[in-house]
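Asker: Before I ask anything, here is the structure I am working with.
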Amino acid sequence: MISTNELHDFVRNSKGLIIDVRPVEAYNGWPLKMESRGGHIPGARSLPAKWLKYIDWIEIVRQKSILPEHDIVLYGYDQETSEKVAERFSSSGYKKIRIYNRFLDEWVLQPQRPLQVLPRFKHLVSAEWVHELINGGRPQHYHNEKFVVVHSHYRNRSAYLSGHIPGAIDMDTLALEAPDTWNRRSPVEIKKALESHGITADSTVVLYGKFMFPDNADEFPGSAAGDIGAIRNAFIMMYAGVKDVRVLNGGFQSWEDADLPISLLDEPKIPVKDFGASVPLHPELAVDTPEAKKMLASSNAELVCVRSWPEYIGQVSGYNYIEARGRIPGAKFADCGSDAYHMENYRNLDHTTREYHEIEAIWKKSGIIPDKHLAFYCGTGWRGSEAWFNAWLMGWPRVSVYDGGWFEWSNDPANPFETGTPISHQ
């Protein structure tokens, strides 16, 4: 065991690793035990006890650079849970493990003890939060009278009809983006689509996806990526002007993990007469090619490529309908993961968003910092939207999506491109 004063000294002098074993929502800022304030101890890493059930738990630990030689302090909501994690560490060869079991009564209740939160954590909600909402409750940080839960998919209603959150309607991503360009649709089309789905600017919209591989996954890799489609829809809704957009952290997987009821009903969409705002209300969230070129020439802006390394160096295009291979010269690399199908570098094993300090550290090594205007892009906008959402959740002040991405850029032969390993990566 370790005392509060010892832990405070441990934090202040960075003597080792502090590991938060609570759910990711608690780590991000949600007060799950109705504590007076939420968040995590500064510098703490997130390693939820939930992950103990995964056979590759030790691989997750190593991937997070938590090593046997580290002096480790575990903390959570209760001593029993921390002890279970400590036992797993010990059985894996970790010897320097201690437990801090006074987090709620001696850390949270002492305002001089600092806590860190994901700045916009309220927009990344848990399955339990959504369950309370749809059952007529008033979950934390919800101050509205109308909401819509949206199951997002790409031409795959079977994913919705095979099981969804009760009361959720389905939305094809094609309602908000055009298949000829994969860019967001026109303001008039977006407004009409939102109205037809019963969404106004004043609605609280909760979006989620389901990870599964439909028959047409090879036509558009993002169709298999679950929540990437939900976040793509979230981006366009926020661009349009929906004021309160939430994303279910971990998507339908989190709902199933919580063992919550599943519906097979095809819920009717109840249209509204007017969206209630001029679309787009937030045009600054989207960047098109002319502005992207200006950003490349600016010392105060960066294009950020959220593609895989084989795409970035031009080994593959990433899509069967994009012939050109390569990258936009001068773009920073923000590795999505293995290929255009996946965003594993931004996700935990249970599909929840990766610890935001880790994402920030990776970006920093690539020169991606919050001081500049950043426009995230990928092949067609999905992966770029998810990276953008992470930066937005972190409170980064000037972040956008370069909607055209490599698809639009490479379709113009006048635009320059590069292949091979950049000098900066050699």
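Asker: The conditions are (1) over 18 Å from residue 230 (Cα atoms); (2) modelled with pLDDT of 95 or more; (3) not hydrophobic (A, V, I, L, M, F, W, C), and residue 151 fails exactly one of them. Which is it?
Answerer: (1)
Asker: Let me ask another. Of all the residues that make up the range 147-192, how many are over 24 Å from the mean Cα position of the chain (by Cα) and under 21 Å from residue 274 (Cβ atoms)?
Answerer: The total comes to 6.
Asker: Mind checking which residues of the range 78-105 are under 12 Å from residue 1 (Cβ atoms) and touching a helix residue (DSSP H, G or I) at 6+ places or on another chain (Cβ under 9 Å)? Steps first, please.
Answerer: Step one: of the range 78-105, the residues under 12 Å from residue 1 (Cβ atoms) are 79, 82-83, 86, 97-102.
Passing the criteria: 82, 97, 98, 99, 100, 101, 102.
Asker: Another question about this same structure. Would you check if residue 132 is over 26 Å from residue 60 (Cα atoms) and either outside any loop (DSSP other than H, G, I, E, B) or out of contact with any strand residue (DSSP E or B) (no Cβ under 6 Å at 6 or more places or on another chain) (or both)? Please lay out each step first, then the result.
Answerer: Details: over 26 Å from residue 60 (Cα atoms): yes; either outside any loop (DSSP other than H, G, I, E, B) or out of contact with any strand residue (DSSP E or B) (no Cβ under 6 Å at 6 or more places or on another chain) (or both): yes.
Judged against the criteria, residue 132 is a match.
Asker: Of the residues 271, 261, 310, which single one is part of a loop (DSSP other than H, G, I, E, B), under 26 Å from the mean Cα position of the chain (by Cα) and over 20 Å from residue 411 (Cβ atoms)?
Answerer: 261
Asker: Which residue, of 338, 317, is small (Gly, Ala, Ser), at pLDDT below 95 and under 20 Å from residue 412 (Cβ atoms)?
Answerer: On the way: 338 fails: under 20 Å from residue 412 (Cβ atoms).
Answer to the check: 317.
Asker: Further question: Which number in (1) within 17 Å of the chain's Cα centre (by Cα); (2) modelled with pLDDT of 90 or more marks the one condition that residue 223 misses?
Answerer: Going through the list (1) within 17 Å of the chain's Cα centre (by Cα); (2) modelled with pLDDT of 90 or more, residue 223 breaks only (2).
Asker: While we're here: Please enumerate the residues belonging to the range 154-195 that are assigned to a strand (DSSP E or B) and more than 23 Å from residue 241 (Cβ to Cβ). Before you say what the answer is, go through the steps one by one.
Answerer: First, pick out the residues of the range 154-195 that are assigned to a strand (DSSP E or B): 164, 169-172, 177, 184.
Residue satisfying the conditions is 164 alone.
Asker: Within the range 63-113, can you find the residues that are surrounded by 13 or more Cβ atoms within 10 Å (Cβ to Cβ), within 26 Å of the chain's Cα centre (by Cα) and either over 20 Å from residue 38 (Cβ atoms) or not assigned by TED's automatic domain parsing to the domain that holds residue 14 (or both)?
Answerer: Correct list: 64, 66, 85.
Asker: Hey, another quick one. Looking only at the range 229-258, how many residues end up being among the hydroxyl-bearing types (Ser, Thr, Tyr) and either out of contact with any Pro (no Cβ under 7 Å at 6 or more places or on another chain) or part of a loop (DSSP other than H, G, I, E, B) (or both)? Give the derivation first.
Answerer: Step one: list which residues in the range 229-258 are among the hydroxyl-bearing types (Ser, Thr, Tyr), which gives 239, 254.
Remaining after also requiring either out of contact with any Pro (no Cβ under 7 Å at 6 or more places or on another chain) or part of a loop (DSSP other than H, G, I, E, B) (or both): 254.
Qualifying residue count for the region: 1.
The values are calculated or read from the model by the stated rules, or taken from the named source; none is laboratory data. Owing to the predicted nature of the structure, the values given are computational and were not obtained by experimental measurement. Neighbour counts run over all protein chains shown; Cβ positions are idealised from the backbone, glycine included.
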